[in-house]
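Visitor: The structure that follows is given in the form of C-alpha cells.
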Amino acid sequence: MKDLSVKNIQPTKGYVLVEPAKAEAKTASGIILPENDSEKPQHGVVLAVGETACGDCCGADSCCGDEKDSCCGGGCGDCGCDDDKDNCCEAPVKVGDKVIYKKWGGNDFKIGDTEYQFLKFEDILAVIK
C-alpha cells in the first residue's frame, strides 16, 4: 500500500475520516512531555464523509423490521421500508469541519507518519465553529 493516500479513501456508510489534532508537546506550566506520554487529542478535522447510515448502523433501535441486515447493507431506503427516514442517520458533519469526538471512539489508521481515525457518526460530539 505504498501508493495509499488519504485523498483516495472513502469511508463506508455511517463513518467519517478525521485527522486528529497534534498532541500537545508540553503542559500549560511548561513541562515538556515525551511523545508516548502525551494524551491523544479528542478533536480534529474531517477529511472524508461516508454516506447516510440506516437503522442499527448508527445506533437506532430498529430498521425496517425483519430486514435490518438488508437495510443497513443497502443503505437508507434500499430495503423498501415506509418509515426508513425515521431510522436513518445522516452525516452530522462535512469535509473540513473541526469536530470533538469521544475519547475512546473510532479506529486508528496510519499512513506514513500520520495517524487518522475512522469515527462512527454517533461518536462525534460537537462541531467547532
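The values are calculated or read from the model by the stated rules, or taken from the named source; none is laboratory data. A quick note: this is a predicted structure, and the numbers were derived from the prediction, not measured. Cβ sites come from the backbone with ideal geometry, for glycine too, and all protein chains shown count toward neighbours.
Visitor: Does the stretch 104-125 include one or more residues that are touching a helix residue (DSSP H, G or I) at 6+ places or on another chain (Cβ under 9 Å) and modelled with pLDDT under 60?
Guide: no
Visitor: Right, here's the next one. I'm trying to understand the selection: among the residues of the stretch 105-124, which are outside any helix (DSSP H, G or I), free of Cβ contacts under 8 Å to residues at least 24 places away in the same chain and acidic (Asp, Glu)?
Guide: ASP108, ASP113
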